[in-house]
Amino acid sequence: MDENKTIAALAALAQPTRLRTFKLLVEREPEGIPAGELARLVDVPQNTMSAHLATLSQAGLVTGERQSRSIIYRVDLGQFRAVLLYLLQDCCGGNASLCAPLISDLTPCCAPREKAQTC
């Protein structure tokens, strides 16, 4: 990950509709969400959602896969991980004990859920 890609990813997320969309896609991993359903869930017109998804895609944060007549969008967790690692690369000047609270906060609150379960 380099600085320009990180800036592009952060810029893509620096808008309320795109951030909400990204968070929804994270919640629905690995199934993904069709573009039309995303528009409905975020309550924006489909053409507006298409523009937001294009921005997130160009930043490398989401991918779209055609399935029949729909495009299913998913978060690119590898790219998102790369952004986070870039930001945390030099965390606390290499003093791991100073980063411990941050690492603790990033640890999931529960085991990965199955479709019918919630945290």
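Listed values, structure above:
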quantity	calculated
Count - residues of the range 46-101 that are among the small types (Gly, Ala, Ser) and either farther than 19 Å from Ala12 by Cβ or in contact with a His (Cβ under 7 Å, 6 or more places away or on another chain) (or both)	7
Residues being among the hydrophobic types (A, V, I, L, M, F, W, C) and assigned to a strand (DSSP E or B) - total across the range 69-86	3
Scan of the range 11-27 for residues that are under 17 Å from Arg74 (Cβ atoms) and among the β-branched types (Val, Ile, Thr), ordered by number	Thr21, Val26
Residues satisfying the stated conditions in the range 41-50, i.e. at negative phi and loosely packed, with under 14 Cβ neighbours inside 10 Å	Pro45, Gln46, Asn47, Thr48
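Listed here are the residues, each with its yes/no results for (1) more than 16 Å from the chain's Cα centre (by Cα); (2) at pLDDT 95 or above; (3) among the hydroxyl-bearing types (Ser, Thr, Tyr).
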{"residue": "Ala8", "(1), (2), (3)": "no, yes, no"}
{"residue": "Ala11", "(1), (2), (3)": "no, yes, no"}
{"residue": "Leu38", "(1), (2), (3)": "no, yes, no"}
{"residue": "Pro45", "(1), (2), (3)": "yes, yes, no"}
{"residue": "Asp76", "(1), (2), (3)": "no, yes, no"}
{"residue": "Asp90", "(1), (2), (3)": "yes, no, no"}
{"residue": "Ser97", "(1), (2), (3)": "yes, no, yes"}
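The values are calculated or read from the model by the stated rules, or taken from the named source; none is laboratory data. All values derive from a computational prediction rather than experimental measurement. Backbone-built Cβ (ideal geometry, glycine too); neighbour counts: all protein chains shown.
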